[in-house]
């Protein structure tokens, strides 16, 4: 039986017959293997586990609605990672108002003298926001590469998730890292 955080298959597929999903054991296997990893990546990207779970569930929901378009596990895996990470990048781009509100609240808390832990937390959040901001300006594939690698994925796993040749992952990753550093430095100076 397909279950995503208590959601039944008919809800997941938005009306698709449960029998149609039941015949596809590939979905269960793909979900069990990749959902936790995708949520982890999206949590680091968005900074919000709840939002990450929603985005991941939505990506798997979309996959469940289009199983015939993707004929093998490799293309399904690459597709679900791509959809999830792109949605995560979109969420980062659209969260600027929330960020401004949190920063204002944090500054107010610091002014009220809440102590050094508050300052350290604010600095950590600022660094995370800077990284998210730079990632959101990069080409999706470059951002995907960096996120997958930072999530501890091996080159083989990255190649499978993105649908690229394993031999090209190192080169693509090195280019993405250089581009990230260039964009970060141009935006924030040498304060890495």
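Beta carbons closer than 9 Å, at least 6 apart along the sequence or on distinct chains, never pair a first residue in segment 112-136 that is over 20 Å from residue 89 (Cβ atoms) with a second that is modelled with pLDDT of 85 or more and loosely packed, with under 10 Cβ neighbours inside 10 Å. Of the helices (runs of 4 or more DSSP H) lying entirely inside segment 9-86, those carrying at least 2 residues that are modelled with pLDDT of 85 or more are 25-46, 49-65. For segment 160-177, enumerate the residues that are at pLDDT 90 or above and part of a helix (DSSP H, G or I). Scanning segment 160-177 gives 166, 167, 168, 169, 170, 171, 172, 173, 174, 175, 176, 177. Restricting attention to segment 87-122 and to residues that are exposed (fewer than 11 other Cβ atoms within 10 Å of the Cβ) and within 20 Å of residue 184 (Cα to Cα), the residue that is modelled with the highest pLDDT turns out to be 94.
The values are calculated or read from the model by the stated rules, or taken from the named source; none is laboratory data. If you're wondering where the values come from, they're calculated on a predicted model, not measured in any experiment. Glycine also receives a Cβ, built like all others from the backbone with ideal geometry; neighbour counts cover every protein chain displayed.
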